[in-house]
Amino acid sequence: MATQHSEISYAYRLFEGMQKDNLSYIYRGVFSQNITDGILTLTESNLDKSGEDSKIKKRVFTIMVEGLQNITRHQEMEESSDVKETGIFLIQDVDNRYYITTGNPILKRNIPNLTEQLNKINSLDNEELKNYYKRVLNDNIISDKGGAGLGLIEMARKSGNKLVYDFVDLNDNYSYFYLNTEISQNETEHSPEVHKATHALENIKVIHRLLNQEDVVLIFNGIFNQESLLNLLSIMENQMMEHNLNLKKKVFNIMVEMLQNIVKHGANSLDNNLNPGIFFINQKGKQYHLNTGNYIYKSEVENLKKKINYVNSLSMDELNTFYEKSLFNFQIDTSKEAGLGLIELRLKTNRKLTFEINDFNEKFSFFVLQTVVD
Amino acid sequence: MEKLIIEHTEDTPKVHFEPEIGIFSIEGRSLPENAVAFYNPILEWLKQYENTENKGFTFDFKLDYFNTASAKQITKLLIQLQQMTQKFDIKVNWHYYVEDADIMASGLRFAKLIKANIELLPYE
């Protein structure tokens, strides 16, 4: 149990770290068309929920599309058994700015050319960028080079800020390429200096290392509702495409129950009607570890502990009986509760549920729940 | 009696009750946030049907996934069907994809707990 415990603390540490940065969404893994679509839909619905200005939304969207296409393009071009690293995509909402960061392995021999392009783009002002875009577009049509930097120019134009980038050594042939774009939520405000974005990128590299360390394949930190649940499910379904049906269904099943737990029982420390929380999946060999973290009212802590400990104390036979009894217990039958979720989690995983409850303030606690599927 | 047709969505199944052509089916995935709200009209429809002088029917469940909140509502539907067997000749088909151990197991559980002439039917 010692390893499980430290993993749970890891979950809390990760959430704390991300909350501080107000990180909203990370995906780490292989990027397919379906996954890319899922990420776009998820972000769109989160932006809609936050009531973001449609102009800003459009800019965020364009930059995301270009960034995601960059990842998939490199993935195809540079696919090799030489490098196990997968791509990463993040969107953050910090201090009235959105930061969109992509990361992917690239061949070292492509670095000089890429650096030259990025520096060229960063040296131009808006008007110059517009002309440069036209010129590159024309050159492309003539030379048929395809792509060649248009995406990067478009990202710089739409953000109105400099592109911040970095390369990190992976091995003899590959480096990891990070690209960070900043979008001000305030129409007129652009940050003249890039130090903030550079600082954000340093944090992302730290978080990326943390994610690699625990093999986190999908992490979502944001508002939990039925819509984000459905989008996360579809991303995960695509990610697990090649697995056998019963494992896929188990993960699906458990994700639904864990995420709907947050939707239905999560409290909000800010006292609005949104449910903030964190969800992540890490892969340990053939196992999937699913983790959720959310606020709960302190007044509910004892009751929740009692419920989980009771479910944990039962043998599988007793659990089955308890499930059936609860299925027919129509005393508990509301839109919020059927009284089956925790029993189902324990039955489906065939393991005890691991959890941790930390004090947050005088009114709220933070509840971390972990399940293991194999 | 009026037919009841509810098209499927990303998180609710297709419901098709049409006595005139003998179709009673619920098909797809079911994981709504509010399962009570989704299943109540379906239950109400069946209760109304119970008071008519219609004939018996075959009821087809062909689900590929349901959450625990839906499990409870499906239990209520099956209890209603069980009660209706006193008046009508009812057969319940529980279809499951042949490799889907999960849906098969829940079919077995319902067949054990509810006396509504439930038959498990694998499909490929």
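Nothing in this text is a laboratory measurement; each read-out follows from the coordinates by a stated rule. Predicted, not measured: the structure shown is a model, and the values here were computed from it. Reconstructed Cβ throughout: ideal geometry from the backbone, glycine too, with neighbour counts over all protein chains shown.
Just to verify a number: FRET efficiency for B:D89 and B:H8, C-beta to C-beta distance, R0 = 22 Å, to 0.05? Spell out each step's value before the answer.
Working: r = 28 Å, r/R0 = 1.29.
That pair, B:D89 with B:H8, gives E of 0.20.
Over all residues in B:7-16, what is the mean tally of Cβ atoms on other chains that come within 10 Å of each residue's Cβ? Could you put the intermediate results ahead of the total?
On the way: counts 0, 0, 1, 6, 6, 0, 0, 0, 0, 0.
For this peptide, the per-residue mean of nearby foreign Cβ atoms is 1.
Assign one of three labels to the range A:21-287, namely rounded, prolate or oblate, based on the Cα gyration tensor with a ≥ b ≥ c the square roots of its eigenvalues; rounded applies when a/c is under 1.5, prolate when it is not and a/b is larger than b/c, and oblate otherwise. The partial results should precede the final answer.
On the way: a/c = 1.92, a/b = 1.33, b/c = 1.44.
In terms of gyration-tensor shape, oblate.
Quick check: Cα centre of the range B:59-124 to Cα centre of the range B:1-24, how many Å?
So the separation of the two Cα centres works out to 16 Å.
Run down the lysines and flag those whose C-alpha is under 30 Å from the C-alpha of A:K286, throwing out any fewer than 8 positions away in its chain.
Hits, sequence-local ones excluded: A:K84, A:K205, A:K248, A:K249, A:K250, A:K305, A:K307, A:K348, A:K352.
For peptide B:27-34, compute the average count of partner chain beta-carbon atoms within 10 Å of each residue's beta-carbon. Working shown, then result.
Numbers: counts 0, 0, 3, 0, 10, 3, 10, 5.
That works out to 4 on average.
Just how large is the dipole of the range A:21-287 about the Cα centre, in debye to the nearest 20, putting +1 at every Lys and Arg Cβ and -1 at every Asp and Glu Cβ? Before the final figure, lay out the partial values.
Numbers: 28 positive and 36 negative charges, 76 e Å.
In debye, rounded to 20, the range A:21-287 gives about 360.
Quick one: Cα centre-to-centre distance for the range A:163-180 and the range A:291-323, in angstrom?
Their Cα centres are 45 Å away from one another.
Run the helix sum for chain A: -39,500 (n - 2.57) per DSSP H stretch of 4+ residues, divided by residue count, reported at 222 nm to the nearest 500 deg cm²/dmol. Walk me through the numbers on the way to the answer.
Details: 12 runs with 189 residues, N = 374.
One gets -16500 deg cm²/dmol as the mean residue ellipticity at 222 nm.
Output the peptides A:126-139, B:50-63 sorted from most to least packed, where packing is the average of other Cβ atoms within 10 Å over each peptide's residues. If you can, show how the numbers build up before the last one.
Numbers: A:126-139: 13.1, B:50-63: 15.1.
Ranked by mean Cβ neighbours within 10 Å, highest first: B:50-63, A:126-139.
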